[in-house]
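Engineer: Structure provided below as structure tokens; questions to follow.
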Amino acid sequence: MKSSLQKNRPKYLDLLRIKLPLTGIVSIAHRISGIFLMLSLPVWLYALDTSLRDPIGYQAIVHWFDSFIFNLFAFLCFWALAHHFFAGIRFLLADLDIGMEKSAALNMAKGVILLEALTMLFVLGWLL
Amino acid sequence: MSARAGGVRPWIVQRLSAAYLVAVIVWFLLVLVFDGPSNYSDWHNWFAGSIWNTAVILFWLSVFVHAWVGVRDVIMDYVRIDSLRFILLSLFGFYIIALISWMLRIMILAMGS
């Protein structure tokens, strides 16, 4: 027989009430950034195709960088790539059993965020 | 890696493609920053070179293989309805194959001077 106390115990499957640790955020963001990058591939293939075809196409792609919308898109793609890149390296290290203790794992998640932020400062400087 | 996906082979493919992508992205960025193209003929000659052309084809193939395994895992983890999962995996497979053939056409056209 279960007591009413046990029955009413919250299960916390409500996504808004679950608080993910930083390591978990880095992990789910790796999946989200991967999906985003996968969906952005046709745009980059189109840019490569057009820019290699002839000088007119090349100029057209160069001029994409004059538009705010494209710069915003490029920024999001580089952000996704920077996160996917650094978090991916962290997971490759985890496969080698590096950084598996709780405190080391948290520090590596912080390191991923730091490297990602630094990379995005460079990207911002390059796009602006 | 998905808990529901079987096989050690996709697991290895995912990590090998990741390792190649890390190396080649660093190489591409270094070349772009220090010796980037400034006009069409620079850009075109760059892709016409056989080493660069081959490295870029391998880069794209790694991207597509990596995306296939990764998105396959995500679909298998979150889409629990069998028919919907089948439809999504099929559509995604077509998407990847279409992008591969487009990429090969771009890179083969770029080989000519």
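The values are calculated or read from the model by the stated rules, or taken from the named source; none is laboratory data. If you're wondering where the values come from, they're calculated on a predicted model, not measured in any experiment. Positions of Cβ are generated from backbone atoms using ideal geometry, with glycine treated the same way; all protein chains shown enter the neighbour counts. Note: accessible area is taken over every heavy atom of the protein model, side chains too, but ligands, DNA and RNA are not part of it. Shrake-Rupley method; radii C 1.70, N 1.55, O 1.52, S 1.80 Å.
Engineer: When ligands, DNA and RNA are left out and all protein chains stay put, how many square angstrom of accessible area per residue does the protein assembly as shown have with a 1.4 Å probe? Working shown, then result.
Structural biologist: Working: 15360 Å² over 241 residues.
Ligands and nucleic acids excluded, the result is 64 Å² per residue.
Engineer: By the gyration tensor of its Cα atoms, with a ≥ b ≥ c the square roots of the eigenvalues, what is the shape of the stretch B:49-113: rounded for a/c under 1.5, prolate for a/b over b/c, or oblate?
Structural biologist: It comes out oblate by the Cα gyration axes.
Engineer: For the protein assembly as shown, restrict the atom set to alpha-carbon positions and state the Rg and Dmax in Å.
Structural biologist: 21.0, 80
Engineer: Now a separate question. Compare each residue of the stretch A:30-48 in its chain alone against the assembly with all protein chains, and report those whose accessible area goes down by 20 Å² or more; 1.4 Å probe, heavy atoms.
Structural biologist: The answer is A:R31, A:I35, A:M38, A:L41, A:P42, A:L45, A:L48.
Engineer: Please work out the Cα center distance from the stretch A:69-125 to the stretch B:4-80, rounded to the nearest Å.
Structural biologist: 17 Å
Engineer: Suppose R0 equals 35 Å; then what is the FRET efficiency for B:A55 and A:I28 from their Cβ-Cβ distance, rounded to the nearest 0.05?
Structural biologist: The computed FRET efficiency comes out at 0.65.
Engineer: Let me ask something additional. From the backbone phi of the stretch A:62-75, what are the Karplus-calculated ³J(HN,Hα) couplings (6.51 cos²θ - 1.76 cosθ + 1.60, θ = phi - 60°) in whole Hz, Gly and Pro given as x?
Structural biologist: Values per residue, Gly and Pro as x: 4, 6, 3, 6, 7, 8, 5, 4, 5, 4, 4, 4, 4, 4 Hz.
Engineer: Could you tell me what percent of the accessible area of chain A is made up of carbon and sulfur, with a 1.4 Å probe and every protein chain present?
Structural biologist: On the way: 6330 of 8790 Å².
Here carbon and sulfur together make up 72 percent of the probe-accessible area.
Engineer: I want to check the label-to-label distance for B:W27 and B:V79. Put each point 7 Å from Cα in the C-beta direction and report it in nm to one decimal.
Structural biologist: Using points 7 Å along Cα→Cβ, the separation is 3.4 nm.
Engineer: Still on this structure, please answer the following. Using the beta-carbon distance between B:V8 and A:L92 and R0 = 25 Å, what value does 1/(1 + (r/R0)^6) give for FRET efficiency, to the nearest 0.05?
Structural biologist: 0.95
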